[in-house]
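Have a look at the structure below, then the notes.
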Amino acid sequence: MSISIKNIINQNVKGKSVLLRADLNIPIFGGEITDTSRIKRLIPTIEFLKNSGAKVIILSHLGRPDGEFNEAYSLKPLLNKLSEALNIEVKFVESCIGSLAIKAKELLKPGEILLLENVRFHKGETKNDIEFAEELSKKCDMFVNDAFSCSHRAHSSLHAITKFLPSYSGILLNEEVTALESVLNSPSRPIAALVGGAKISTKINIIEYLITKMDYIIIGGGMANTFLVANGFSVGKSLYEKDSVTLAKSILEKSKKYNCEIILPIDLVVANKFEANTDTQIVPFEMIPSDMMALDVGPKSINKMNDILTNVKTLLWNGPLGAFEIEPFGNGTFSLAKLASQLTEENKLITVAGGGDTAFALNKAGVAEKFTYISSAGGAFLEWLEGIELPAISVLSNN
């Protein structure tokens, strides 16, 4: 996929009312915000608009209120954190359309910021309803999408809205697209992908697409077990997908056609129980005991994967190599993460990572900030890796 989108930083926004679609779908428990990372990543675009004299109108969803007002999904609890992060009082209106929203937009002055209420309180949002999008656009001059993480959805505030306003990408969205395009379409080679996780079935389209782009694909996690079974080996009590064994065989065959080397574990950390600090053994991949399960890659596998990392110039990372959440099954993931971050710091490797488990694992390894780029998206990141055109991105290139 190759796409050219228009960036808001090249536009004159002074005095303009700019409708900014953000992703503020932030975890809130008992009225307390537990993760402000999405607010932090939005700041560059808001600061640019504010400092350029725009009237900034923020639009977002929170949760899945099913098209009806539900106080539990109100964006109002975000006000203090937003105001604190931007060092300015952010205004709030208890609707995103109608007379209340229109009046609040009209009263806004250049450099001021207004947060609209949850866009998913209206059924028209998820239906990509044209009339609802037109209501959202009222009293606005421009539209900016800075919600890459939502851009795999054709919703009114992301897709239909572009029919009514000149539309552009925000700084964060542009960074996401640039990072992913550079990896998939114009990478420094050799290039490797590390794909982990429990199931092939959830990553099959990603792996099949990446085979055509990568020199190496390192397979880890539970899905590696399915590949071992496809190669004729027993995996004991390990998690694997019986229904995906044939699929794994076809992937191994397809990889030869595209000269993409599939790297599987050569030794594994096994245990009788999936419990923290349980007794473990390290065994060759072809000798997993019948009463044990593989829960991480072993030291020989780590060394082999480390050798690949030191000999490639670009790494795309999606998913863990083992059950990293539980001690001691994070060693494989953390070891490779630390080497990748070190090589990145030494300008020997470009590292792009994404996906919820991946970001969590890299943060737990203490190396997230050292990677070249970590995507803030979940579903959108995965669909991009499958080569799927994202509807809310494609409309930005067709304006």
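A short reminder: the numbers here are calculations on the coordinates, not readings from a lab. Computed from a predicted structure; not experimentally measured. So basically every Cβ, Gly included, is an ideal-geometry build from the backbone, and we count neighbours across all protein chains shown.
Here are a few things to note about the model shown:
- The stretch 203-294: GluC sites (Glu not before Pro) in DSSP loop, at most 13 other beta carbons within 10 Å: Glu275
- In degrees, nearest ten, helix 245-257 long axis to first principal axis of the chain (Cα): 90
- In the stretch 187-385, Cα pairs under 8 Å separated by at least six residues give a relative contact order of 22 percent.
- The sum of -39500 (n - 2.57) across all DSSP H runs of n ≥ 4, divided by the residue count of the chain, sets its helix-only mean residue ellipticity at 222 nm to -10000 deg cm²/dmol.
- Net +/- balance of residues flanking Pro65 in space, Cβ distance below 12 Å, scoring K and R +1, D and E -1: -2
- Beta bridges per DSSP with both ends in the chain, % antiparallel, nearest 5: 25
- Classified by the C-alpha gyration tensor, the stretch 1-151 has a rounded form. Its axis ratio a/c, with a ≥ b ≥ c, is below 1.5.
- Taking Cα atoms only, the orientation of helix 331-345 departs from the longest principal axis of the chain by about 60 degrees.
- The lysines whose alpha-carbon is closer than 21 Å to the alpha-carbon of Lys14, local same-chain residues fewer than 8 away aside, are Lys6, Lys50, Lys55, Lys91, Lys103, Lys105, Lys109, Lys138, Lys139.
- Around the amide H of Ile218, modelled in the peptide plane, lie the amide H atoms of Ala193, Leu194, Val195, Ile263, all under 5 Å away and 5 or more residues distant in sequence or on another chain.
- Using the empirical formula 2.2 N^0.38 Å as the baseline, the Cα radius of gyration of the chain reaches a ratio of 1.08.
- Crossing angle, helix 37-51 versus the chain [Cα axis fit, 0-90 degrees, rounded to tens]: 40
- Couplings 3J(HN,Hα) for the stretch 142-153, derived from phi with the Karplus relation 6.51 cos²θ - 1.76 cosθ + 1.60 (θ = phi - 60°), are 8, 10, 10, 9, 10, 10, 4, 4, 10, 7, 7, 10 Hz, where x marks Gly and Pro.
- Among beta bridges that DSSP assigns inside the stretch 8-173, antiparallel share in %, nearest 5: 10
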